[in-house]
Amino acid sequence: MRILIVGSGGRENAIASAIKRSKKETEIFCAPGNGGTAEIALNVPIKQDDIKGLLSFALENKIDLTVIGPEIPLSMGIVDEFTAAGLKIFGPDRKASLLESSKKFSKDFLKKYNIKTAEYKAFSDFQTAQKFVAGKKHPLVIKASGLAAGKGVFISKNIKESENTLDSIFNAKIFGDSGETVIIEDFIEGFELSYMVAVDGNTYKPLITSMDYKKIGDGDTGDNTGGMGAITPNPYVSDNLTNKINKTVIEPTLEGLKKEGIKYKGILYAGLMIQNEEIYVLEFNVRFGDPETQSILIRLESDILDLFLSVINENLKDYELIFDNSNSICLVLSSDGYPNKYKTGYEVSFNDGLKCLGHMKSAEYFIFHAGTKKTGEKYYTTGGRVINICARGKELEINSAVYDIAKKINFENKYYRKDIGKIYARP
Ligand code: GLY
């Protein structure tokens, strides 16, 4: 099978690695890919938002299956274009992707189908929004409705902070068109949980649970990031809770989508807040989470290509989704300064003969690249999140394995959290 993966992060490297483990004979292409995918796939220099370029490539190269990592091509309708051209592609279509690309669409959808979410209002101008926040109890949550690379959500502690946020979105236009509509919603305290299911339009199957370490600093402090690490399983989640999430969030969402005439096919990621056993939807993503996926896919025992194909062919009910019984972890090495300003272009070195996969004590480790490129035989940093070190096995051994490996990978301005894998008291 000839497979094209669209994207350039650690998630796409982990997807390529899972495909490599398939029993099927494969040839993998990655657009545009990174230094890690260069080792197991052929990188092609087409950007994730160049839908025409990707389609021409897929047609010319007789691609049998395309897998989309990030939200941007999905929101631009890549699935609609490829499907119309008779190509098999994994991911939801443009309309279904509104669940992520328009926070207003997803909040209105949740309200319409009585799925719990924080009370909210949508605004399209600074003055009206400013008046509204002046009369509201704080903290408040302010979100750009459109896509903002994970940076569009703000929690403001007082009126001044709310006004500053609104000013930067509406007047300084820090998110461009993505900030034309702003959602202001009540702040809900509790613990956050990301929950992913595979959906074929009719049937859904949950992936194993994971926990994302979202903040930049140890102890979950500082700015929000795309994710600085992840573990599986999520230690706070019981079978009872997953049953309740399925019944009160996933099933009504899929029913609601059907009623809206939307056939959802792909991965549905629900960002949830659990407060006193009540489940609130914070947001939806229409794709695999990053870095949660890296820690999930290294535990996948069944064939990932059959998962993709059973979703596309709408026979997910016949696919047995099997994960091993281990624990897993993903530690993100980033460029110091991320998620704000940081420098790139530094050489990344792998010392002591470190390979991209191997064993350390009883842990099996995987090194995925995120923000790197390969030039000649060398690797250079290109992004904020640079390398993902993942391991599966017993909890304590995998934690010490990823931290031992972190010392063997070097680049200037390397930064990582020292507490990934630590389980704090449930809030
Ligand atoms: N880790 C969160 C996300 O993928 O959006």
Quiz item: What residue among Pro70, Pro339, Ile262 has its Cα farthest toward the positive end of the dipole of the chain, where the charges are +1 on Lys, Arg and -1 on Asp, Glu, each on the Cβ?
Solution: Pro339
Quiz item: Is the range 44-86 rounded, prolate or oblate when judged by the Cα gyration tensor, a ≥ b ≥ c being the square roots of its eigenvalues, rounded requiring a/c under 1.5 and prolate requiring a/b larger than b/c?
Solution: oblate
Quiz item: What number, rounded to the nearest 500 deg cm²/dmol, is the helix-based mean residue ellipticity at 222 nm of the chain, given -39500 (n - 2.57) per DSSP H run of at least four residues and division by all its residues?
Solution: -7000 deg cm²/dmol
Quiz prompt | Long-range Cα-Cα pairs in the range 36-137 (distance over 21 Å), rounded percent | solution = 53
Quiz item: If you average over every viewing direction, what projected area does the convex hull of the Cα atoms of the chain give, in nm²?
Solution: 19.7
Quiz item: With point charges of +1 on the Cβ of Lys and Arg and -1 on the Cβ of Asp and Glu, referenced to the Cα centre of the range 118-246, which listed residue (Leu147, Tyr204, Pro235) lies farthest in the positive direction of the dipole?
Solution: Leu147
Practice problem: Using only Cα atoms, locate the centre of the range 374-427 and the centre of the range 172-211, then give the distance between them in Å, rounded to an integer. | Solution: 25
Quiz item: Among the listed pairs Lys160/Lys422; Lys137/Lys244; Lys47/Lys214; Lys143/Lys373; Lys103/Lys258; Lys121/Lys157, which are separated by more than 24 Å between their Cα atoms?
Solution: Lys160/Lys422; Lys137/Lys244; Lys47/Lys214; Lys143/Lys373
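Values quoted throughout were computed directly from the atomic coordinates according to the rules given, and no laboratory measurement underlies them. None of the values given here were measured: they were computed from a predicted structure. Cβ sites come from the backbone with ideal geometry, for glycine too, and all protein chains shown count toward neighbours.
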